[in-house]
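First up is the structure itself, then whatever we jot down about it.
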């Protein structure tokens with residue numbers, strides 16, 4: 001077993017499937033969860049340190065583009081023109097899409113009339129200093145390239161699922177324009193921080209709770225080429241590819257590995273085809289796994305003892321060889337999750353993640 005590692009060393013070793021002193025940990029959580037943790041630990045507490053969470057550091061450019069358009073009360077808008085509205089759910093709130101700017105587009109001419117974001121809207125000059133500071137303690141993550149997700153955000157989910165079948169020419173043009181911006185934007189970021197970024201997201205939600213959201217032929221024709229283009233860009237700069245894909249995405253994994261992903265998240269093992277032992281056996285020599293701790297039943301509704309058992313279950317499956325796994329919830333910890341269960345998650349990961357090496 002290696003001697004005690006820093007969070008950065010531990011993360012990078014696990015991603016490269018090298019020996020670790022203990023398995024690294026990460027956290028995704030809603031604002032309500034962070035508020036509960038701050039209340040539990042008290043003002044001034046470094047929550048990541050208190051919970052032995054390694055996590056990623058980050059960097060990004062400053063937006064200097066056109067002023068954001070006015071929106072209705074309660075709405076927010078981003079530089080794509082996508083609007084969201086905060087909606088209350090059990091235990092918290094979420095920003096739900098309230099306006100898709102290309103929902104009414106019917107022709108390529110309609111796309112030309114849309115204000116596509118450009119790299120001129122961003123100042124990349126301050127990124128390197130942020131990245132240098134972050135990497136003193138943590139692995140640095142930067143970037144998010146998701147053509148399918150942004151297709152759905154710009155067109156609406158129902159329309160985006162029909163587009164490839166009904167409007168293939170329009171669909172290719174939408175995805176090309178989305179992807180061209182992503183490519184140039186991320187090249188600028190990677191050049192600004194060359195040698196300082198460890199991980200970038202080339203990601204998309206291709207899987208649903210019971211199976212894929214789109215067919216393999218649709219994925220290959222419209223999205224896979226862009227994912228490969230992004231993965232090659234990352235690898236050109238020595239950056240590992242983090243791929244987030246909820247639900248039952250098993251049928252896509254062999255192609256995603258061929259395309260060049262390095263880290264698979266969230267490994268939602270309760271969904272069809274996502275057996276962790278099988279995934280580790282088939283892809284464990286090429287992938288690091290991230291997430292897996294059940295966030296639909298056990299974390300929000302289980303007991304601390306059940307949470308600890310779930311952590312051991314995931315570690316035994318995804319780190320059967322002692323590495324190649326970053327322990328984390330399989331999505332954002334929700335506001336209804338008891339603090340006691342969060343404490344149990346990270347305490348067990350810290351203890352059992354070292355004992356099982």
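Give the residue, chosen from 164, 101, 147, that is within 28 Å of residue 208 (Cβ to Cβ) and touching a strand residue (DSSP E or B) at 6+ places or on another chain (Cβ under 9 Å).
Details: 164 fails: touching a strand residue (DSSP E or B) at 6+ places or on another chain (Cβ under 9 Å); 147 fails: touching a strand residue (DSSP E or B) at 6+ places or on another chain (Cβ under 9 Å).
Result of the check over 164, 101, 147: 101.
For residue 22, work out the one condition from (1) crowded, with 17+ Cβ neighbours inside 10 Å; (2) over 20 Å from residue 153 (Cβ atoms); (3) free of Cβ contacts under 8 Å to residues at least 24 places away in the same chain it doesn't fulfil.
For residue 22, the exception is condition (3).
Given the structure, is residue 242 touching a residue at least 60 places away in the same chain (Cβ under 8 Å), within 17 Å of the chain's Cα centre (by Cα), surrounded by 20 or more Cβ atoms within 10 Å (Cβ to Cβ) and assigned to a helix (DSSP H, G or I)?
For residue 242, the condition - touching a residue at least 60 places away in the same chain (Cβ under 8 Å), within 17 Å of the chain's Cα centre (by Cα), surrounded by 20 or more Cβ atoms within 10 Å (Cβ to Cβ) and assigned to a helix (DSSP H, G or I) - is not met.
Looking at segment 264-273 only, could you name the residues that are out of contact with any helix residue (DSSP H, G or I) (no Cβ under 6 Å at 6 or more places or on another chain) and under 22 Å from residue 26 (Cα atoms)?
264, 265, 266, 267, 268, 270, 271, listed by residue number.
Can you pull out every residue in segment 282-294 that is closer than 25 Å to residue 240 by Cβ, in contact with a strand residue (DSSP E or B) (Cβ under 9 Å, 6 or more places away or on another chain) and without any contact (Cβ under 8 Å) to a residue 40 or more places away in the chain?
Listed by number, the residues that qualify are 283, 287, 289, 292.
Of everything in segment 333-346, what is farther than 18 Å from residue 289 by Cβ and touching a residue at least 60 places away in the same chain (Cβ under 8 Å)? Give them in sequence order. Let's see the steps before the verdict.
Applying the first criterion (farther than 18 Å from residue 289 by Cβ) to segment 333-346 yields 333-344.
Within segment 333-346, 333, 334, 335, 336, 337, 339, 342, 343 meet the criteria.
Being part of a loop (DSSP other than H, G, I, E, B), touching a strand residue (DSSP E or B) at 6+ places or on another chain (Cβ under 9 Å), buried (at least 18 other Cβ atoms within 10 Å of the Cβ) and modelled with pLDDT of 95 or more narrows it down to one residue among 197, 214; which is it?
197
In this structure, is residue 60 touching a helix residue (DSSP H, G or I) at 6+ places or on another chain (Cβ under 7 Å), farther than 30 Å from residue 169 by Cβ and not in a strand (DSSP E or B)?
yes
Would you confirm, using the coordinates I've provided, whether residue 143 is surrounded by fewer than 23 Cβ atoms within 10 Å (Cβ to Cβ), at pLDDT 95 or above and not in a helix (DSSP H, G or I)? Working first, answer last.
On the way: surrounded by fewer than 23 Cβ atoms within 10 Å (Cβ to Cβ): no; at pLDDT 95 or above: yes; not in a helix (DSSP H, G or I): yes.
Taking the combined requirement at face value, the residue does not satisfy it.
Could you give me the residue pairs with C-beta distances under 7 Å whose first residue belongs to segment 299-313 and is assigned to a loop (DSSP other than H, G, I, E, B), whose second residue is at pLDDT 95 or above wherever it lies, and which are 6+ apart or on separate chains?
Qualifying pairs under 7 Å: 302/341.
When you scan segment 85-133, how many residues do you find that are touching a helix residue (DSSP H, G or I) at 6+ places or on another chain (Cβ under 8 Å) and either assigned to a helix (DSSP H, G or I) or closer than 25 Å to residue 183 by Cβ (or both)?
18
Out of the residues in segment 315-346 that are under 21 Å from residue 88 (Cβ atoms) and touching a strand residue (DSSP E or B) at 6+ places or on another chain (Cβ under 6 Å), state the one that is surrounded by the fewest Cβ atoms within 10 Å (Cβ to Cβ).
If we take residues in segment 315-346 being under 21 Å from residue 88 (Cβ atoms) and touching a strand residue (DSSP E or B) at 6+ places or on another chain (Cβ under 6 Å), then 332 is surrounded by the fewest Cβ atoms within 10 Å (Cβ to Cβ).
Any chance segment 285-292 includes a residue that's over 18 Å from the mean Cα position of the chain (by Cα) and part of a helix (DSSP H, G or I)? Give the derivation first.
Filtering segment 285-292 for residues over 18 Å from the mean Cα position of the chain (by Cα) gives 285-286.
Still in the running and part of a helix (DSSP H, G or I): none.
No, that holds for no residue.
Given the condition under 30 Å from residue 288 (Cα atoms), touching a strand residue (DSSP E or B) at 6+ places or on another chain (Cβ under 9 Å), assigned to a loop (DSSP other than H, G, I, E, B) and touching a residue at least 40 places away in the same chain (Cβ under 8 Å), answer yes or no: does some residue in segment 65-84 qualify?
no
In segment 246-263, what residues are in a loop (DSSP other than H, G, I, E, B) and either within 16 Å of residue 325 (Cα to Cα) or out of contact with any helix residue (DSSP H, G or I) (no Cβ under 7 Å at 6 or more places or on another chain) (or both)?
The answer is 246, 247, 248, 249, 261, 262.
Here are 176, 188: which of them is part of a helix (DSSP H, G or I), farther than 26 Å from residue 96 by Cβ and out of contact with any strand residue (DSSP E or B) (no Cβ under 8 Å at 6 or more places or on another chain)?
None of the others qualify; the one that does is 176.
Can you tell me which residues in segment 317-353 are part of a helix (DSSP H, G or I) and within 21 Å of residue 39 (Cα to Cα)?
Once the filter is applied, which keeps residues that are part of a helix (DSSP H, G or I) and within 21 Å of residue 39 (Cα to Cα), segment 317-353 yields 339, 340, 341, 342, 343, 344, 345, 346, 347.
Among the residues that make up segment 182-191, is at least one of them more than 20 Å from residue 79 (Cα to Cα) and either in contact with a helix residue (DSSP H, G or I) (Cβ under 7 Å, 6 or more places away or on another chain) or surrounded by 22 or more Cβ atoms within 10 Å (Cβ to Cβ) (or both)?
yes
The values are calculated or read from the model by the stated rules, or taken from the named source; none is laboratory data. Being a predicted model, the structure only gives us computed values, none of them experimental. Don't worry about glycine lacking a Cβ; one is built from the backbone with ideal geometry, like all the others, and counts go over all protein chains shown.
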